[in-house]
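Chemist: Could you have a look at this structure, given as structure tokens, before my questions?
Quick note: the coordinates plus some simple rules give every number you see, no bench work behind them. All values derive from a computational prediction rather than experimental measurement. Here Cβ is always computed from backbone atoms with ideal geometry, including for glycine, and neighbour counts include all displayed protein chains.
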Amino acid sequence: MVRSDDAVAAVRAWIEEASRIVVLTGAGISTDSGIPDFRGPKGLWTKNPAAEKMATLEHYLADPELRKRAWRSRLETLGGALEPNPGHYAIVALERRGKLDTLITQNVDGLHQRAGSAPERVIEIHGTMHEVVCMECGERAPMERALARVRAGEEDPPCRSCGGILKSATISFGQNLVPEDLRRAEEAALRADLLLAVGSTLAVYPAAGVVPAAKRAGARIVIVNAEPTQMDDLADAVLRGSISAILPDLVGPASNPGTPAGEPHVRGASSPRT
């Protein structure tokens, strides 16, 4: 593994050589945008283990009071303006330089698309918080429609089509990931010549599995994270520190492409009723 004092120069050279870069991002890339991570020293679940229940499907479906807390939490999270940071823009710069093959994200915040990442290159492996889905009929709609109902006084708004329970279109504990997303992520890992794992503890599978898969297929592995990860020994280089500082440094001066691309991409048809 490259020593830390030589790592930045080495990774810059690897980026220049690469033609098929795959990036895997976790919660750590969004902390500088004001979104706390989950498992870090100051993570949401580290500080408040009970909050993890809101991300567990069994508890969410069974407990109306927990759902009410979840809706209040969504109002707080999505009520302010969530903006990308230089780390997100650095990945956009890789794409605009023709280097980025695929961006696999464990995040549900939509900030990659807001920064300008092409939606067709982004795999949201854990879903998105910008949509809701009915757990009974499967109908999807923009999250903002449901939040407007919460602001109007509905503490746990049901689906307007069938009366079923609404949940953010994120993958909760106890839910299966989308098979097509998994297939695309695995295929991207196998064709990568460089994989950047950014802001992830690499503890959550199957998303973390793309790292050893890419390594076995011959790709160089670079890990950028504030804290140690479970796969540091697998990496060709490990960089510690602020992701929003490190990534632009690796990509170069063109790392801020300018104006964000607007609202996050919404996958799938939405209903006017939910």
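Chemist: At 7 Å along Cα-to-Cβ for each site, give me the label-to-label distance between residue 175 and residue 150 in nm.
Modeler: Here the modelled spin labels are 1.4 nm apart.
Chemist: Between residue 175 and residues 5 or more places away or on another chain, which pairs have amide H atoms under 5 Å apart, with H built 1.01 Å from N, and which residues are they?
Modeler: So residue 175 has HN proximity to 57.
Chemist: On to the next question. How big is the equivalent ellipsoid of segment 42-194 along its three axes, where each semi-axis is √(5λ) from the Cα gyration tensor, reported in whole Å from largest to smallest?
Modeler: Output for segment 42-194: semi-axes of 30, 17, 16 Å.
Chemist: Classify segment 169-216: rounded, prolate or oblate, from the alpha-carbon gyration tensor (a ≥ b ≥ c, eigenvalue square roots; a/c under 1.5 rounded; otherwise prolate if a/b is larger than b/c)?
Modeler: oblate
Chemist: Excluding residue 90 itself, what net charge comes from residues whose Cβ is under 14 Å from its Cβ, given Lys and Arg +1 and Asp and Glu -1?
Modeler: +1
Chemist: Expected output is a single nm value to one decimal: the length gained when fully extending between residue 75 and residue 63, i.e. 0.36 nm times separation in residues minus the C-alpha distance. What is it?
Modeler: 2.4 nm
Chemist: For residue 239, which sequence-distant residues (separation of 5 or more, or a different chain) have an amide H within less than 5 Å of its own amide H, given hydrogens modelled in the peptide plane?
Modeler: It is 223, 224, 225, by chain and number.
Chemist: I'd like the Kirkwood hydrodynamic radius of segment 111-153, using the inverse of the mean 1/r over distinct C-alpha pairs, in Å. Show your work: numbers first, answer last.
Modeler: On the way: mean 1/r = 0.0822 Å⁻¹.
Result for segment 111-153, one decimal place: 12.2 Å.
Chemist: Based on a Kirkwood Rh over C-alpha pairs, give the Stokes-Einstein translational diffusion coefficient of segment 55-131 at 4 °C and viscosity 1.567 mPa s in µm²/s. Intermediate values should be presented prior to the final figure.
Modeler: Working: Rh = 14.2 Å.
Estimated diffusion coefficient is 91 µm²/s.
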